[in-house]
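Colleague: Dropping the structure in here first, questions after.
Each reported figure results from applying straightforward, stated rules to the coordinates on display, with no laboratory input. Here the structure is a predicted model, which is why all the values come from computation and not from measurement. Heads up, the Cβs are rebuilt from the backbone with ideal geometry, glycines too, and the neighbour counts pull from every protein chain shown.
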């Protein structure tokens, strides 16, 4: 399953990425394989979403979240 | 100013870097550009305890040495280029103690460049509050660098940091972080050998970034490209494995030096605020409320200082007129240069207020929430969540708004935002609209509450937003993206704004505007002055001679004589001649040569329209007396038809022209400054003029 499928408040562990270019940016921001991610909120119009990762809040678009595969 | 040691300040965004910079340097700073790019370069000076002077360079905030925006790309090139007047002797990496892990990524990259480093550990108080325990000495020992705890906001630890700067080593003593060579062994060795790179990480960065580095010659860059092919170097794969290796190192590092509480601080204050501010309903209501307040304030608060500035310049002009001997030189200085200068200075209050708001919104963290909420809508029309602020700011003035597009990382989104922002109805269009609407729209209510004039004005404002959105949508398909758009963005914790930063930001932006855009505006004003004060051949002389004849001097008062002369001179000036020349072109949209003159003169600034109309229809006093201009315009008769010149069709055609045409030298100047390529302002000028003509033509023929 991917990060996009998580609901608000749900937690997952990052396993791998489907998009190399996106993965480079995500990993720099601390979103690495093995890290726990929790969806903290969804924007009023349903996209983008905000996640809690490595001690801070990160926002990303649904499409970007769909490139993150969870364990 | 000479300095004994040069220090670069590096850190993630939202770590308090600029606050630390201000604390270290005080008011002792100057702002410029990095060579060849429009990235603000802030340099300040700091007196060290040992009596030496440190020059401090504030580099743009970044999460890593791999740049995501133009601003960020400057960081590596400043750190890496040897023997320039920017090459630092020492780097201070500022780290947010509440988010050590992500902040240390940048530190390990900088450390591996083998430049002497000091860590300034900011926000220790917040970390303590969050229950994060950091063993600073142990961490410093493991890294091999001094770590100085500071609180940039409370100005604590600044003296200790200065002492650390003065004791800093000339040589980099930090521990190696990761085994850089193992990431891409072949190419690192080749580049090190051929380019004399003194450390493997520098060589690796050259492989990654050679295409954008200004200090490499094209031949060098091509050679690196060849080496990459030879060694099968894949930049993203290498970057991915480097990042993973660095985070592994950081995890090991923090394992026995930092204790983080197990309980997630879920119900933090920030989270509670977010629940309201990004709420499905309240979120938008609050956002619209903030915008209305901002918009109102820009108008309301700037009105008084703007009229003060105008009065000041009127006073200066009067004084100069009194002191200087009359002649063309005095006229040039007073009506050309000083008038142009006043046209620049008058924007300062609006720019300062807009940037005060932007700086507060950014500082508190609200701006990223606006971006978060608006991204989906804006993306549909080819813009980006971050385009909201420039577009709204455009209601006040396009100039500071275009300056504020720098926060948009994506090149294509930023360009589209710059291209459409001038369409938004700025405050300079307001005098034109009010004059023309009052002229042709009856002051009547429809359906009891809606005033027709007010409706017309609202219509012009709505039209401006709609046209900006449509043009953005079209440009989305025309412009080719240089990079993939993405929206991976930190939502920082809410904080109180730092008022000193707000003041600095107001001051900086106003100064940049005066220095950069000011040059162009003054030049254009001088040209316009020449065009309207001189005529071809001896036409001017003939006019003066004509009115010296007794049939005029006897029958007219000297005041009305003066007015008649100046009107006739304007008609025969180069501007007047130009007006006649362009008449065939503007006739189809309902304009005569007099309006043509106003169109030409208002290419410097739209509000010049009222002043020019006042001169053409020879009104006593100045442009402030809109009533009298209005009366004269109302009475102006069309010599061909005998009816009034300003019919409903002509007035609305004119408003359409002013709504779409790029009649603002300051905006052209600032677009050039921000894009560093004259093709952008040229394209913008062209498409807006075409739109203006088309819209005016359509409206004129529909209403005629």
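Colleague: Please give the calculated 222 nm ellipticity per residue for chain B, where each DSSP H segment of at least 4 residues contributes -39500 (n - 2.57) and the sum is spread over every residue; nearest 500 deg cm²/dmol?
Modeller: The helix contribution divided over chain B gives -19000 deg cm²/dmol.
Colleague: Relative to the present Cα-Cα distance, how much length would full extension add between residue B:564 and residue B:135 at 0.36 nm per residue of separation?
Modeller: Stretched fully, the residue B:564-residue B:135 segment lengthens by 146.0 nm.
Colleague: What full-extension length gain, to one decimal in nm, is calculated for residue B:142 and residue B:332 as 0.36 nm per residue of separation minus the Cα-Cα distance?
Modeller: Computed gain between residue B:142 and residue B:332 is 61.6 nm.
Colleague: Here's a follow-up. Angle check, please: helix B:558-572 long axis (alpha carbons) against the longest principal axis of chain B (alpha carbons), in degrees 0 to 90, nearest 10.
Modeller: That helix lies at roughly 70 degrees to the long axis.
Colleague: Relative contact order of chain A, please, whole-number percent, based on alpha carbon pairs below 8 angstrom and at least 6 residues apart.
Modeller: 43
Colleague: Going by a ≥ b ≥ c, the root eigenvalues of the Cα gyration tensor, does the stretch B:210-358 fall in the rounded group (a/c under 1.5), the prolate group (a/b larger than b/c) or the oblate group?
Modeller: oblate
Colleague: Ok, one more. Percent antiparallel among DSSP beta bridges with both residues in the protein assembly as shown, to the nearest 5?
Modeller: Bridges in the protein assembly as shown that DSSP calls antiparallel: roughly 65 percent.
Colleague: For the stretch B:330-479, what is the relative contact order in percent, using Cα pairs closer than 8 Å and at least 6 residues apart in sequence? Kindly include the intermediate steps, with their values, before the conclusion.
Modeller: On the way: 147 pairs, mean separation 30.2, N = 150.
Rounded, it is 20 percent for the stretch B:330-479.
Colleague: By how many degrees, between 0 and 90 and to the nearest 10, does the Cα long axis of helix B:648-660 differ from the longest principal axis of chain B?
Modeller: Tilt of helix B:648-660: around 20 degrees.
Colleague: Count, for each residue of A:60-66, the Cβ atoms from other chains sitting within 10 Å of its Cβ, then give me the mean as a whole number.
Modeller: Taking all residues of A:60-66 together, the mean is 3.
Colleague: Further, regarding this structure: What FRET efficiency do you get for residue B:229 and residue B:483 if R0 is 35 Å and r is their Cβ-Cβ distance, rounded to the nearest 0.05? Intermediate results must be reported in sequence, preceding the final value.
Modeller: Details: r = 22 Å, r/R0 = 0.63.
Using R0 = 35 Å, I get an efficiency of 0.95.
Colleague: Here's a follow-up. Percent antiparallel among DSSP beta bridges with both residues in the stretch B:85-173, to the nearest 5?
Modeller: Once the DSSP bridges in the stretch B:85-173 are tallied, antiparallel ones form about 10 percent.
Colleague: In percent, how large is the relative contact order of chain B, given Cα pairs closer than 8 Å and 6 or more residues apart?
Modeller: 10
Colleague: I've got another one for you. With a 10 Å cut-off between alpha carbons and a GNM built on chain A, which of A:24, A:14, A:53 moves the most?
Modeller: Among A:24, A:14, A:53, the largest GNM mean-square fluctuation belongs to A:24.
Colleague: I would also like to ask the following. Taking the Cα-to-Cβ direction at residue A:11 and at residue B:292 and moving 7 Å from each Cα, how far apart do the two end points lie in nm?
Modeller: 4.2
Colleague: A follow-up question, please. Distance between the C-alpha centers of the stretch A:8-69 and the stretch B:175-194? Whole Å please.
Modeller: Answer, in whole Å: 31.
Colleague: Expected output is a single nm value to one decimal: the length gained when fully extending between residue B:181 and residue B:679, i.e. 0.36 nm times separation in residues minus the C-alpha distance. What is it?
Modeller: Length gained, residue B:181 through residue B:679: 174.9 nm.
Colleague: Applying 1/(1 + (r/R0)^6) with R0 = 60 Å to the Cβ-Cβ distance of residue B:255 and residue B:310, what FRET efficiency is obtained, to the nearest 0.05?
Modeller: Computed FRET efficiency for residue B:255 and residue B:310 comes out at 0.40.
Colleague: Report, for chain B, the % of DSSP beta bridges that are antiparallel, rounded to 5.
Modeller: 45
Colleague: Could you work out how far the C-alpha centroid of the stretch B:345-377 sits from that of the stretch B:40-82, in angstrom?
Modeller: When both Cα centres are located, 25 Å separates them.
Colleague: Answer rounded, prolate or oblate for the stretch B:413-546, using the Cα gyration tensor with square roots of eigenvalues a ≥ b ≥ c: rounded when a/c is under 1.5, else prolate when a/b is larger than b/c, else oblate. Show your work: numbers first, answer last.
Modeller: Working: a/c = 1.88, a/b = 1.33, b/c = 1.42.
Oblate, because a/c is 1.5 or more while a/b does not exceed b/c.
Colleague: Only counting other Cβ atoms within 10 Å, I'd like B:102, B:223 sorted with the fewest neighbours first.
Modeller: Fewest-to-most ranking of B:102, B:223: B:223, B:102.
Colleague: Please average, across the residues of B:487-495, the number of beta carbons from any other chain that are within 10 Å of each residue's own beta carbon, and give a whole number.
Modeller: If you average over the peptide's residues, the count of other-chain Cβ atoms is 5.
Colleague: Which order do B:534, B:486 fall in if you start with the one that has the fewest other Cβ atoms within 10 Å?
Modeller: On the way: B:534 15, B:486 18.
So the ranking, lowest neighbour count to highest, is B:534, B:486.
Colleague: Please arrange B:255, B:574 by how many other C-beta atoms lie within 10 Å of their C-beta, fewest to most. The partial results should precede the final answer.
Modeller: On the way: B:255 8, B:574 18.
Listing B:255, B:574 from fewest to most nearby Cβ atoms yields B:255, B:574.
Colleague: Now for a different question. I'd like the orientation of helix B:665-675 relative to chain B: the angle between its Cα long axis and the longest Cα principal axis, in ° from 0 to 90, rounded to 10.
Modeller: 20
Colleague: Here's another thing I want to ask about it. What does the structure give for B:533-545 when I average, per residue, the other chain Cβ atoms found within 10 Å of the residue Cβ?
Modeller: 0
Colleague: Mind running the shape call on the stretch B:17-116? Use the C-alpha gyration tensor, a ≥ b ≥ c as the square roots of the eigenvalues: rounded below 1.5 for a/c, prolate if a/b tops b/c, oblate otherwise.
Modeller: Rounded, because the longest to shortest axis ratio a/c is under 1.5.
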